[in-house]
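The values are calculated or read from the model by the stated rules, or taken from the named source; none is laboratory data. This is a predicted model, so every value here is computed, not measured. Cβ placement follows ideal geometry from the backbone for every residue including glycine, while neighbour counts extend to all protein chains displayed.
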Amino acid sequence: MIAGDWCLLGAPWDCSGSGRGEQEAPDAFRKAGISSLVGRVLGDATTLIETAQRDDDTGVLGLWETVRAANALADVLAAAIDDLPGLRALVVGGDCSIPFWGLSRAAQAGGSSWTVVPRRAPRLPRWANV
């Protein structure tokens, strides 16, 4: 176990809506044994995005399903903040858009320590200072 003060939350998120595989990542992490490294397992947030239709105004794929998924993830994280004080959340799975959509709202709800492990990290240009 890493520490008993961590909880694990799956986010089977694929913002392409094409079923490329990102949505399978939380299960893959659990099968690899990550659940044994945390004190509490919360299951998966309802973050499936099934449409690949692009929004005419924004160009975002599956915009309304993405907003729904982001709210679902943020709601689960906000509930964890309230129900499990002192625990840090390890969010696994999905793709690189998880931090931008779900975690920003959860942080507003009082989250201070979030760690995200996307299946595929974004590729940043060399000049990006992160």
Q. Could you list, in sequence order, the residues of the range 48-75 that are hydrophobic (A, V, I, L, M, F, W, C) and either out of contact with any Pro (no Cβ under 9 Å at 6 or more places or on another chain) or not in a loop (DSSP other than H, G, I, E, B) (or both)?
A. ILE49, ALA52, VAL60, LEU61, LEU63, TRP64, VAL67, ALA69, ALA70, ALA72, LEU73, ALA74
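Here is a list: THR66, THR51, THR46. Which entry is polar (S, T, N, Q), modelled with pLDDT of 85 or more and in contact with a helix residue (DSSP H, G or I) (Cβ under 8 Å, 6 or more places away or on another chain)? Talk me through it step by step, then tell me what you get.
Numbers: THR66 fails: modelled with pLDDT of 85 or more; THR51 fails: modelled with pLDDT of 85 or more.
Going through THR66, THR51, THR46 in turn, just one is polar (S, T, N, Q), modelled with pLDDT of 85 or more and in contact with a helix residue (DSSP H, G or I) (Cβ under 8 Å, 6 or more places away or on another chain): THR46.
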Q | Subset of the range 1-47 (residues that are among the basic types (Lys, Arg) and either part of a helix (DSSP H, G or I) or surrounded by 15 or more Cβ atoms within 10 Å (Cβ to Cβ) (or both)) | A | ARG30, LYS31, ARG40
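Being within 12 Å of the chain's Cα centre (by Cα) and among the aliphatic types (A, V, I, L, M) is the filter; apply it to the range 1-36 and report the residue that is farthest from TRP64 (Cα to Cα).
From the range 1-36, those within 12 Å of the chain's Cα centre (by Cα) are 8-15, 22-23, 25-26; that's our starting set.
Cutting the leftovers down to among the aliphatic types (A, V, I, L, M) gives us 8-9, 11, 25.
Details: LEU8: 26, LEU9: 22, ALA11: 17, ALA25: 22 Å.
Only one residue fits best here, namely LEU8.
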